[in-house]
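Before any comments, here is the structure.
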Amino acid sequence: MAETDGACSGTLTEPLTPAANLIVALRGAKSVFVLTGSGISAESGLPTFRGVGGLWRTHRVEELASPEGFASDPVLVWTWYNERKAAHEAAQPNAGHLALAQMEDAFDDFTIATQNVDSLHLRAGSRNVLELHGSLREARCTNCSARRPLDAAGLPCQEIDHSCGGRWRPDIVWFGESLPRDVWQKAQEAAARADVILVVGTSAVVYPAAALATHYNARAFVAEINPQPTPISSRVACTLRGPAAEVLPRIYPSGAVVSE
């Protein structure tokens, strides 16, 4: 059973009651910003990076998700990303993704900035999604501006080399790389103008994305939804302990939040 603390103390024994402060804030909000991390997709069967059984357990991050690792062993990198792509295709949006997609319809200004690359927000029906770390829907060339779509199997390893002399790489922001400038600017602006900020399923330790939760807006009502405490838990107005797929539908059950 999910629990809450901070301004929303209690247990989720009845719909809405433990998240009353958040519900009130949402009802009065004109602009909502949501930052999501791998925790929201864990309920769809996709492992988190830093949780128990996370994807970094068998390889160093430098081997799988860095330009240097790709230059050293592109076949290893693509083998791993092809496995991730297959897992993404098999996964389905969960109740947390669906609740956010439904919530978007209640607000004129609703933005999701996600650190996830699995496209589950889009598949759930969310429209205004900023993919901070890219996606596995495409590959791009390391030498030219060419792109190619990826099917469910990813990229055949024998096709890594591009005719221009470059290599196809996942359209992912790797460690040590900058976030896409236009996407990052839009995320900063959305966070700065928000009346309510929801921080969902993220460890809040990966910067600069984690800064969107608390660094750009001192007036917003910030609520964290996560099974475990994070570095920002003591700095937000409301913390709700539980999986996103359990907590989010209780915040927004069948259109309970209506923007005024």
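At-a-glance table
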{"read-out": "Which numbered condition A187 fails, given (1) of a type in the set (G, A, S); (2) part of a loop (DSSP other than H, G, I, E, B); (3) within 14 Å of the chain's Cα centre (by Cα); (4) under 19 Å from K30 (Cα atoms)", "value": "(2)"}
{"read-out": "Test result for V199, within 26 Å of E43 (Cβ to Cβ) and buried (at least 22 other Cβ atoms within 10 Å of the Cβ)", "value": "yes"}
{"read-out": "Criterion: crowded, with 17+ Cβ neighbours inside 10 Å, within 20 Å of N116 (Cα to Cα) and either without any contact (Cβ under 8 Å) to a residue 60 or more places away in the chain or assigned by TED's automatic domain parsing to the domain that holds W80 (or both) - qualifying residue of L150, L212", "value": "L150"}
{"read-out": "Matching residues, segment 150-171, being at pLDDT 95 or above and either within 15 Å of the chain's Cα centre (by Cα) or among the charged types (D, E, K, R) (or both)", "value": "E159, D161, R167, R169, D171"}
{"read-out": "Flag if D118 is of a type in the set (D, E) and either in contact with a Lys or Arg (Cβ under 7 Å, 6 or more places away or on another chain) or not assigned by TED's automatic domain parsing to the domain that holds L26 (or both)", "value": "no"}
{"read-out": "Filtered residues of segment 103-128 (kept if in contact with a helix residue (DSSP H, G or I) (Cβ under 9 Å, 6 or more places away or on another chain), surrounded by 19 or more Cβ atoms within 10 Å (Cβ to Cβ) and over 27 Å from A153 (Cβ atoms))", "value": "M103, F107, F110, T111, I112, A113"}
{"read-out": "Tally, over segment 58-77, of residues that are part of a helix (DSSP H, G or I) and out of contact with any strand residue (DSSP E or B) (no Cβ under 7 Å at 6 or more places or on another chain)", "value": "12"}
{"read-out": "Some residue of segment 223-234 being in contact with a His (Cβ under 8 Å, 6 or more places away or on another chain) and either acidic (D, E) or within 21 Å of N116 (Cα to Cα) (or both)", "value": "no"}
{"read-out": "Residue in segment 46-66 that is touching an Asp or Glu at 6+ places or on another chain (Cβ under 9 Å), surrounded by 15 or more Cβ atoms within 10 Å (Cβ to Cβ) and at pLDDT 90 or above present", "value": "yes"}
{"read-out": "Failed condition for W174, given (1) surrounded by 16 or more Cβ atoms within 10 Å (Cβ to Cβ); (2) touching a Leu at 6+ places or on another chain (Cβ under 8 Å)", "value": "(2)"}
{"read-out": "Which numbered condition D182 misses (of (1) surrounded by 16 or more Cβ atoms within 10 Å (Cβ to Cβ); (2) out of contact with any Lys or Arg (no Cβ under 7 Å at 6 or more places or on another chain); (3) not basic (K, R); (4) not in a loop (DSSP other than H, G, I, E, B))", "value": "(1)"}
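The values are calculated or read from the model by the stated rules, or taken from the named source; none is laboratory data. Bear in mind that the values here come from a model prediction, so they are computed numbers and not experimental data. Here Cβ is always computed from backbone atoms with ideal geometry, including for glycine, and neighbour counts include all displayed protein chains.
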